[in-house]
Amino acid sequence: MYSTRRYLVPFGPKQTPHFFSDILVIGAGIAGLRAALEVPPDLHVLVVTKDSVQQSNSNYAQGGIAGVMSPEDRFENHIEDTLRAGAGLCERSIVELVVREAPNQINDLIRWGTHFDVEDGRLALTREGGHSHRRIVHALGDATGHEVMRAVIDRAQQAPNITVWDQTFTADLLTHEGACAGALVHRPQRDKLLIWAKQTILASGGVGMVYRETTNPAVATGDGMAAAYRAGAQVRDMEFMQFHPTVLYVAGSARYLISEAVRGEGAYLRDRNGIRFMLAEDARAELAPRDIVARAIFRCMDHTQHPNVYLDLTHLDPQRVHQRFPGIERVCQSFGLDITKNMIPVRPGAHYMIGGVTIDAEGRTTLPRLWAAGEVTSSGLHGANRLASNSLLEGLVFGSLCGRGAAEAAARMPDTFRVPPLQARFAASSLETLDVADVTNALRSLMVRKMGIVRELRSLKEAEESVEFWCRYALARTFDTQEGWELQNLLSVAQLMIWAALQREESRGVHYRSDFPNRDDSHWQRHLICPPPEQDS
Ligand SMILES: Cc1cc2nc3c(=O)[nH]c(=O)nc-3n(C[C@H](O)[C@H](O)[C@H](O)COP(=O)(O)OP(=O)(O)OC[C@H]3O[C@@H](n4cnc5c(N)ncnc54)[C@H](O)[C@@H]3O)c2cc1C
């Protein structure tokens, strides 16, 4: 359908250094490192990550990890809550698998040194939107990801069979005879490098950077999704981008997430006139699932002609606020806001990519020898809408499954390896240089305006036209900078997202079409698989 080159950069096996590993893991967030830690010590694992090892969505997670950890709660409750949020598209067997595995994964993290918050000697559990019970474990108040990743990174760095290369950008997956054979990476000091692996695990995270307003860090540019698509792996459900309802909206601030746990602890949402508008929107008020809250805020901003709404914590016990939300308090303080006295200006931002590379119940993609885990995937857990705090959990569960499966498969393969005669040759583009930052900004702004929380045919068609136009000249070029490759990946992913949003003529979960406002199970209770690319080299 979409014309892309098979590889982003030219390479040849005789001009490029080689590296061999039993298992290659792309990405050092929760999914990638959890996968690496599952591999037995007699197999070598190389983990590559494009920035420092601390730069991942995982590291910025605030609210926590969902798991049935209290006697008042049951697996069935967590399963039902996940299915309800997923709006008819979750795969029940996957939901059951992940929910039942949650306590084991949380206990592993504790064994590895994660300090979750405790109350009266027991794990402190909070509640978030869509959860019927208190079941979210958290750490350092509102910096769960930071604490979890500290422990997981430490553990990986101590494992003698795991090597972590930071500042290593994966440009493409290598394929030979219909199977994944490793990856082509770029390192600042060494230029291109071919990494050959018996098995490859993709854990490269999400794509929030395709939107101007996002909670994601700069690394989330969809590189892994785009590379897997070019390599022939199936990608699906790309219309489902979850917007977080409450992102700090102060001129000059980075778009900092104000965790859902704030509403879980009793904060109210108010419009510019002080009205608690969620009461009229949903019986669960502020604790309704994210898509409902995000759309209600979108409507409220439109109705009041105001660029944001407000989160109000001023009626909560200030001591409790200090203890639970020290990070949020610090960030707001730096903009002169005392969250125990002032309301916090917020608006929705792109947060979590539900669609991605299709995997089965063991983490296999449709491309042999390629496994995948975490936000880069579509596992069937989230359906059409992710329940809060289920994604770190998904990364942990599928990370473990991939690590185990890939290790078993690698152990069955011989140690001798012949470099396949792979190469990609194309002339360096002679076109005028391109202002990469300008196209990137235009794309991110277009996605907010035309492919945002509320969609309809005309604006989606306009988005499609603009992105196709940019693709015509940006995808034809050969870049030698990371920014250029990231732009190419963002454009490819945006094309798939817009294509899928146009196809799905209904509203379901996080995908809302104002021209098709109802859910239509008879036509659309199914995954939407992206057509494979047309490749010219
Ligand atoms: C602000 C924020 C708060 C959140 N809060 C929660 C929460 O409380 N609970 C919850 O369950 N979920 C939360 N989420 C979602 C959750 O953090 C992510 O879905 C999850 O961490 C994804 O893990 P991952 O390992 O799949 O990807 P990531 O953690 O994003 O890791 C991806 C890795 O891949 C690397 N990478 C990317 N591209 C390349 C490339 N080309 N070459 C090499 N390496 C590459 C990145 O550098 C990174 O190391 C939150 C997300 C954000 C942004």
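The values are calculated or read from the model by the stated rules, or taken from the named source; none is laboratory data. Quick caveat, the model's predicted, so the values are computed rather than measured. Counting neighbours? That spans all protein chains shown, and the Cβs are built from the backbone with ideal geometry, glycine included. Side chains included, ligands, DNA and RNA excluded: accessible areas come from the protein's heavy atoms. Shrake-Rupley method; radii C 1.70, N 1.55, O 1.52, S 1.80 Å.
Scanning segment 374-413 for residues that are more than 18 Å from Ser204 (Cα to Cα), touching a Phe, Trp or Tyr at 6+ places or on another chain (Cβ under 8 Å) and among the aliphatic types (A, V, I, L, M) yields one hit, Ala384. The residue that is farthest from Met149 (Cα to Cα), among those in segment 64-84 that are within 16 Å of the ligand (Cβ to nearest atom) and either open to solvent by less than 10 Å² (accessible area, probe 1.4 Å) or without any contact (Cβ under 8 Å) to a residue 60 or more places away in the chain (or both), is Asp81. Looking at this structure, is Gly12 small (Gly, Ala, Ser) and either open to solvent by 10 Å² or more (accessible area, probe 1.4 Å) or modelled with pLDDT of 95 or more (or both)? Against the criterion (small (Gly, Ala, Ser) and either open to solvent by 10 Å² or more (accessible area, probe 1.4 Å) or modelled with pLDDT of 95 or more (or both)), Gly12 does not qualify. Scan segment 240-295 for residues that are among the basic types (Lys, Arg) and away from the ligand (no atom under 16 Å from the Cβ) and jot them down. Within segment 240-295, Arg270, Arg272, Arg276, Arg284, Arg295 qualify.
Considered as a group, the residues in segment 475-510 that are among the acidic types (Asp, Glu) and under 24 Å from Asn385 (Cα atoms) include one that is most open to solvent (accessible area, probe 1.4 Å), and that residue is Glu505. The residue list Arg299, Arg290, Arg295 contains one member that is farther than 24 Å from Thr340 by Cβ, open to solvent by 50 Å² or more (accessible area, probe 1.4 Å) and of a type in the set (Lys, Arg), which is Arg299. Leu313 falls short of the stated requirement of being open to solvent by 10 Å² or more (accessible area, probe 1.4 Å), of a type in the set (A, V, I, L, M) and farther than 27 Å from Gly206 by Cα. Candidates Arg127, Arg100, Arg155, Arg135: the one that is over 30 Å from Asp223 (Cα atoms), open to solvent by 40 Å² or more (accessible area, probe 1.4 Å) and touching a residue at least 40 places away in the same chain (Cβ under 8 Å) is Arg127. Within segment 431-452, one or more residues are of a type in the set (A, V, I, L, M, F, W, C) and open to solvent by 50 Å² or more (accessible area, probe 1.4 Å).
All conditions in (1) within 16 Å of the ligand (Cβ to nearest atom); (2) under 30 Å from Val262 (Cβ atoms); (3) open to solvent by 10 Å² or more (accessible area, probe 1.4 Å); (4) of a type in the set (A, V, I, L, M) hold for Ala87, with the sole exception of (1). Screening segment 24-57 for residues that are β-branched (Val, Ile, Thr) and more than 22 Å from Ser378 (Cα to Cα) and picking the one that is surrounded by the most Cβ atoms within 10 Å (Cβ to Cβ) gives Val45. Answer yes or no as to whether Arg425 is over 18 Å from Met353 (Cα atoms), out of contact with any Phe, Trp or Tyr (no Cβ under 8 Å at 6 or more places or on another chain), touching a residue at least 40 places away in the same chain (Cβ under 8 Å) and open to solvent by 20 Å² or more (accessible area, probe 1.4 Å). In short, yes. Put simply, of Gly222, Gly232, Gly205 the only residue that is within 12 Å of the ligand (Cβ to nearest atom), at pLDDT 95 or above and either open to solvent by 10 Å² or more (accessible area, probe 1.4 Å) or β-branched (Val, Ile, Thr) (or both) is Gly205. Quick check, is Leu46 within 16 Å of the ligand (Cβ to nearest atom), in contact with a Phe, Trp or Tyr (Cβ under 9 Å, 6 or more places away or on another chain) and part of a strand (DSSP E or B)? For Leu46, the condition - within 16 Å of the ligand (Cβ to nearest atom), in contact with a Phe, Trp or Tyr (Cβ under 9 Å, 6 or more places away or on another chain) and part of a strand (DSSP E or B) - is met. In segment 3-17, is there at least one residue being charged (D, E, K, R) and touching a residue at least 12 places away in the same chain (Cβ under 8 Å)? Scanning segment 3-17 turns up at least one residue that is charged (D, E, K, R) and touching a residue at least 12 places away in the same chain (Cβ under 8 Å). The numbered conditions (1) within 23 Å of Ser93 (Cα to Cα); (2) of a type in the set (Val, Ile, Thr); (3) away from the ligand (no atom under 15 Å from the Cβ) are all true for Ile30 except (3). For Leu313, the criteria (1) closer than 27 Å to Ala87 by Cβ; (2) hydrophobic (A, V, I, L, M, F, W, C); (3) touching a helix residue (DSSP H, G or I) at 6+ places or on another chain (Cβ under 7 Å); (4) away from the ligand (no atom under 16 Å from the Cβ) hold in every case but one, which is (1). Screening segment 141-192 for residues that are over 24 Å from the mean Cα position of the chain (by Cα) and small (Gly, Ala, Ser) and picking the one that is farthest from Ser259 (Cα to Cα) gives Gly178. Filtering segment 373-386 to residues that are near the ligand (Cβ under 9 Å from one of its atoms) and open to solvent by less than 10 Å² (accessible area, probe 1.4 Å) leaves Ala373, Gly374, Val376, Thr377. When segment 513-530 is filtered for residues that are open to solvent by 50 Å² or more (accessible area, probe 1.4 Å) and of a type in the set (Phe, Trp, Tyr), only Phe516 remains. Restricting attention to segment 208-219, which residues are open to solvent by 10 Å² or more (accessible area, probe 1.4 Å) and small (Gly, Ala, Ser)? Once the filter is applied, which keeps residues that are open to solvent by 10 Å² or more (accessible area, probe 1.4 Å) and small (Gly, Ala, Ser), segment 208-219 yields only Ala218.
Of the residues contained in segment 186-204, none is found to be in contact (Cβ under 8 Å) with a residue 40 or more places away in the chain, small (Gly, Ala, Ser) and assigned to a helix (DSSP H, G or I).
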